[in-house]
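I have placed the structure first, in the form of C-alpha cells, so that the comments after it can refer back to it.
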Protein chains: 2
Amino acid sequence: MEHNLGRRDRKKIASRRSLQAAAVRLVADRGLKHVTVEDIAEAADVSVRTFFNYFSSKEEAIVGLDPEQAAELRQSLLARPADEPPLVAVRNVLVALAAPLAERQEDWLLHMQVVRQEPSLLPSLLASFAAHERNLIEALAERTKTDPDRDLYPALVAAASMAAFRVAMTHWRNWEGKRSLAHLVESAFAQCAAGLPAPLSAKPSSGRAPAFPARGGIRPGVAAAPGSGSHIGVGR
Amino acid sequence: MEHNLGRRDRKKIASRRSLQAAAVRLVADRGLKHVTVEDIAEAADVSVRTFFNYFSSKEEAIVGLDPEQAAELRQSLLARPADEPPLVAVRNVLVALAAPLAERQEDWLLHMQVVRQEPSLLPSLLASFAAHERNLIEALAERTKTDPDRDLYPALVAAASMAAFRVAMTHWRNWEGKRSLAHLVESAFAQCAAGLPAPLSAKPSSGRAPAFPARGGIRPGVAAAPGSGSHIGVGR
DNA sequence: GTGAAGGTTTGCACACCGTGCAATTAGCCT
DNA sequence: AGGCTAATTGCACGGTGTGCAAACCTTCAC
C-alpha cells in the first residue's frame, strides 16, 4: 500500500511519522511546556526548519490530522447502500473505522492520554474534528440531496455523529479499553436515534412519561472517579 | 448589577471589554495576521504586558469565553422544573439564552463573521464550546443522577445539545439573522428529539416551506466556494 | 488624613515560535 | 552522467508569551 512509492516519498512519510512519534513520546515524558520544537526535531534527526515544513506548530504534530483519512471517510459513506437512513450509514462507517483503531489500542490510548493531560492541545484536537465534520456535512448533503447552507439536516446529523463518536472515544479512554469501542459507538448512536430519552425512566413505548427516576441507581458500585479535573485551556 | 463593585473592579472590567472590542474591531478591519498584540493594547490604551495579564493570546481576546456566563447556564439548567426531560430542559435554557443574544444581533453577527473569515480562530472557538460542554455535562449528571465518567448519557445529551446550538448559530449567520435564532434552535432540538430521521420522508406538521428567497442579491462573497477547501488551521 | 496592605500596571529581559529567502543536498528521469 | 525538480538546511527577523521587580493605584484601618 505504500510500496509503489519512490524513495523520496517514503522518506517524507518516514520523517513525518518520526516527528509525530517523537513529539508524542517527548510530551508524554516531560509535558508539553518542557518540550521545544528543537527537541522534537533533534529526536527525529532533522533540522528545526524542516519540522516547520511538515507542521505549522507543535500542536499540529501531536494531533496528527491525517489528510488521506478524510477522503477515505467520504468514500466509505457514499459507498453505503442508498436505502440506509443517514444516521445508520454514518454509524456503520464509524463502527468500521473503529475496528482498526482498536487494534492499535496501546498507541491510541497513549495518544489520548497525552491530549487529556495537556489541555492546551484541546483547541487543535477539536479543530481537526471540525475538519472531519465539514467533510461529513458535504458527504451527507450529497447523499440526502439537500443544501447544507439552507437546511439544518446534514449539519445536524454530522454534528450529532461526531459528538457520538467523540463521546464514545472519551469513555473508551475512561475505561482504558476494557469496553469495546465499537460497542460504545453503537450504543451512542442508538441513543441518538432514539431521540435521547430520559434515562432509567420509562420504557420508550409509552409517551414521555415524566414519572421520574426514583433513583433506582443501576450504576455499578465500583468506586473510583478520581476527581477528574475539568480545566480547559482556551488559547494557544 | 455592576454598581456594587469598587472602582478597581470596574476598571478591570472596563479594560477587559475595551481590549476585546478593540481586538474584534481591528481584526475585522485588517485581518488577523495584520494585527499584533501591540496594536490591540495601544487601541485600548494599556501596555502590551497588561494585555497578557487579561488574555493569554490574541485568539482568546477575540473568542471571549465569559466566565460568569458558565455559572449562569448551570444555574438556569438546575432551576428548570424537575419533570422536564433533560433534552427539553436544555433546549429551554438555550432558547432563553438566545433571546438576549438576538437583541444584539449586529455585534454578534460581526463577531461571527470575523471568526468565519479567520479560520485560525476556530480552534479557540471550539475550545470555548468544549468548556461549555463540560459545564453542561456536570449539570446534567447532577440533574439525572448519573455518573458522567461511567455513563454515556450526560455526555451525549450535552454534546448533542451543543451541536444543535452550534448548527443553529451557523445557519442563523448564513441567513444573516433573517430567521429567528430561537426558531432555529427549537427546530434543531426537535429533529434531535425525533432521532434525526431521514428527511423528505415525513414532513413536519407545520411545514417549514422550503421555498426560499432564491439567493438573489444577498451576500456576494460570503459562501465560500462549493469545493470549499476544508482547510482548517490547526494550531496557533 | 495618613499610612500600611494588597492588588494592578508597566518596563525589561529572555526564550520560544513561525516564516521568508537563498544556498545546498538528494532523489528522479532520460 | 547530467540536468531537473523537490526537499533540507541555515540565517535573519518580527511576533508571542512569561518571570521579575519597581512604580502605581485602591482600599481599609486607625
Copy-to-copy spacing for A:Arg116, label 7 Å out on the Cα-to-C-beta vector, in nm, shortest first? 3.7
If the label for A:Glu142 sits 7 angstrom from Cα along the Cα-to-Cβ line, what are its distances to the same label in every other copy, in nm to one decimal, shortest first? 4.6
Return the subset of B:Lys11/B:Lys33; B:Lys11/B:Lys178; A:Lys12/A:Lys33; B:Lys12/B:Lys145 for which the Cα-Cα distance in this structure is over 31 Å, preserving the input order. B:Lys11/B:Lys178; B:Lys12/B:Lys145
Using a label position 7 Å from Cα in the Cα→Cβ direction, what is the ascending list of nm distances from B:Ala14 to the same site in the other copies? 6.4
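We did not get these values from a lab; they are worked out from the coordinates using the rules stated. All figures in this text were calculated on a predicted structure; none of them were measured in a lab. Virtual Cβ from ideal backbone geometry, glycine too; neighbours counted across all protein chains shown.
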